[in-house]
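Below: the structure, in structure tokens.
Derivation of every value follows stated rules applied to the coordinates shown; laboratory data play no part. These figures come from a predicted structure and were not determined experimentally. Neighbour counts run over all protein chains shown; Cβ positions are idealised from the backbone, glycine included.
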Amino acid sequence: MARKTFHHFELALYLRQYGNAWASEESLCERLGISPPELSLSAENLRRLGYPVLGTDDSGYCLRGEAPFRAEEIAWNLGAAVVGSEVQVHDEVTSTNDVARQTGAQGHPPGLVVFAQLQTRGRGRFGRSWQSPKGKNLLFSVLFSPPEPVPATSLVTIASAVAVAEGIRKQTGLEARIRWPNDVMVNGKKVAGILVESARDSDRRNLWVLGVGINVTASPVGMASAGTLASELGAAVDRVLLARAVLMELDRGYERIEMGNHKDISERWRALSTILGERITLQRAGQRFSGRVVHISAREGVTLQLDDGLLATFPGEEVSLVT
């Protein structure tokens, strides 16, 4: 049987899983299916790319310090069907949604992922400003092509919130949950947000641009009460490994949308919801509505039993959660 092709990014990804711990030459060679000379050469290749690889064949290897955040490593053997077909990493942009939208308008196929270390004009729902310290968090956008007929953007918001929460859970073990409609919470603190915008390509075909911000090691500017994954975990969280985990879950969520599996999306959303059965207040066009959440649906939105006993359903794209 032909031997698979090895790339030094496989070593980088494996060393990231060890954190600051040392991995022996024997375990690395066995896991990666390479010889000691190949391992040594791979480690040297990573050093040339700026990876802080310490060690030798005798002592083993580890990553000490901050490793580069590279598109090639994020995309390497990701295994997703659509998401991550191309990955870009920019040092600074106005907004990753802007870059993804502009690229999509030029006819780029869906699955493009645009990361940035810094956004100068990041935004959230309803045009709210959203600024994150450089190189501390995950700021990215994904370009999607919605199925026909085009579902409401609230559906992709909900499916994406589920994907982000599940990706965080799988990578960190933290019990991430969803505060309707687009906030991901850990221990009652917001650690991630989602923004979905509609666009069209040069042939007037519909596009979705999904923007995601995840607080990995720093709270957004002006949001000191927000949480970070590192502070809630009490340990470092690797941004590349987290990015890969979330992208895989987003790919699965996109597949559910394409297949029309709204029931599965709704069930996952309800299982992760922080508001089901709780009393909340929503705001729509300056008017507030209070009541107990009796139902949430990926297609219809959230249903409240209002204080006067009537039931009212609110689509996610029309309202914001006050309390």
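Some points to look at:
- Note on the chain: antiparallel DSSP beta bridges, both residues inside, total approximately 85 percent of the bridges counted.
- Taking each DSSP H run with n ≥ 4 as -39500 (n - 2.57) and averaging over every residue of the chain yields -9500 deg cm²/dmol at 222 nm.
- Derived scalar couplings between HN and Hα for region 141-153 equal 9, 10, 9, 10, 10, x, x, 9, x, 5, x, 5, 4 Hz in order, rounded to whole Hz, by the Karplus curve 6.51 cos²θ - 1.76 cosθ + 1.60 (θ = phi - 60°), x for Gly and Pro.
- Rounded to 10°, Cα long-axis angle of helix 96-105 versus longest principal axis of the chain: 90 degrees
- Net charge of Cβ neighbours under 10 Å - reference L304; Lys, Arg +1; Asp, Glu -1: +1
- Under 13 Å, Cβ to Cβ, from S231 - net charge with Lys/Arg +1 and Asp/Glu -1: +2
- Approximate spin-label separation N187-R299, in nm, with each point projected 7 Å along Cα-to-Cβ: 3.9 nm
- Couplings 3J(HN,Hα) for region 269-282, derived from phi with the Karplus relation 6.51 cos²θ - 1.76 cosθ + 1.60 (θ = phi - 60°), are 5, 4, 5, 9, 5, 9, 10, 4, x, 9, 8, 9, 10, 10 Hz, where x marks Gly and Pro.
- Unit charges on C-beta of K, R, D, E only; dipole of the chain, Debye: 880 debye
- Over the C-alpha trace of the chain, radius of gyration and Dmax come out as 21.1, 75 angstrom.
- Entries of K170/K190; K189/K263; K136/K170 with Cα pairs more than 22 Å apart: K189/K263
- If you run the Gaussian network model on the chain, springs between alpha carbon atoms under 10 Å, then out of R299, R48, R268 the most flexible one is R48.
- Placing +1 on the Cβ of every Lys and Arg and -1 on the Cβ of every Asp and Glu, with no other charges, gives region 8-63 a dipole of roughly 320 debye about its Cα centre.
- Here's the list of aspartates and glutamates a cross-link from K134 could span, going by alpha-carbon distance under 16 Å and ignoring same-chain residues fewer than 8 apart: E66, D91, E92, D238.
- Whole-Hz couplings from phi, Karplus 6.51/-1.76/1.60, listed for region 166-172; x for Gly and Pro: 5, x, 4, 4, 5, 7, 10
- Given charges at beta-carbon only (K, R positive; D, E negative), |dipole| of region 61-155 in Debye: 440 debye
- Legend: calculated FRET efficiency, T313 to A236, from the Cβ-Cβ distance at R0 = 45 Å, rounded to 0.05, equals 0.60.
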